Amino acid sequence: MKVLQVYSRQGCHLCEDLIEALHPLIEGKLELEVRDIDTNRDWHERWFMDIPVVEYEGRVVCMHFLDQDAITGILRG
């Protein structure tokens with residue numbers, strides 16, 4: 001199963017909301033890997049000002065808010 005990554009951090013309410021909304025869209029279709037930017041220096045430097053960030057196959061799908069159309073496009077592809 002292909003993997004969708006979400007760059008996040010603890011205590012980020014936007015992150016929590018995005019992850020919660022993402023689960024029913026991808027359940028059984030994609031795996032979800034939540035990456036805490038505070039556990040990796042490179043992630044922190046790259047995404048600190050932009051979380052939450054959703055990435056799929058190395059490209060950014062959306063940031064700050066969930067783009068349901070982008071996720072639907074991935075699932076169709």
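The values are calculated or read from the model by the stated rules, or taken from the named source; none is laboratory data. Remember, predicted model here, so these are calculated numbers, not experimental data. Cβ: placed from backbone, ideal geometry, glycine included. Neighbour counts: every protein chain shown. Surface accessibility is based on the protein's heavy atoms, side chains included, excluding ligands, DNA and RNA. Shrake-Rupley method; radii C 1.70, N 1.55, O 1.52, S 1.80 Å.
Structural remarks
- Contact order normalised by residue count of the chain, Cα under 8 Å, 6+ apart, percent: 38
- Applying a 4.7 Å Cβ-Cβ cutoff to the chain, the cysteines left without a disulfide-compatible partner are Cys62.
- Charges were assigned to the Cβ only: +1 to each Lys and Arg, -1 to each Asp and Glu. The resulting dipole of the stretch 22-62 about its Cα centre is roughly 100 debye.
- Angle of helix 13-26 to the longest C-alpha principal axis of the chain, folded into 0 to 90 degrees and rounded to 10: 20°.
- Residues of the chain were split at every exposed loop site, defined as trypsin sites (Lys or Arg not before Pro) in a DSSP loop with at most 12 other C-beta atoms within 10 angstrom, and the longest piece left, sites excluded, is 30-77.
- Using equal-weight Cα scatterers in the Debye expression, the normalised intensity of the stretch 27-66 in log10 at q = 0.16, 0.20, 0.23, 0.28 Å⁻¹ is -0.42, -0.65, -0.83, -1.10.
- Histogrammed with a bin width of 10 Å, the alpha carbon distances of the chain distribute as 19, 57, 22, 1 percent, first bin at zero.
- Computed accessible area, Asp50, all protein chains, 1.4 angstrom probe, square angstrom: 40
- Built amide H within the under 5 Å cut-off of Val34, gap 5+: Val6
- Helix-only arithmetic for the chain: the sum of -39500 (n - 2.57) across DSSP H runs with n ≥ 4, divided by the residue total, places the mean residue ellipticity at 222 nm at -11500 deg cm²/dmol.
- Positive end of the dipole of the chain (Cβ unit charges, origin at the Cα centre): among Thr72, Cys15, Trp43, the Cα lying farthest that way belongs to Thr72.
- Qualifying GluC sites (Glu not before Pro) in the stretch 7-77, DSSP loop, other Cβ atoms within 10 Å at most 12: Glu27, Glu57
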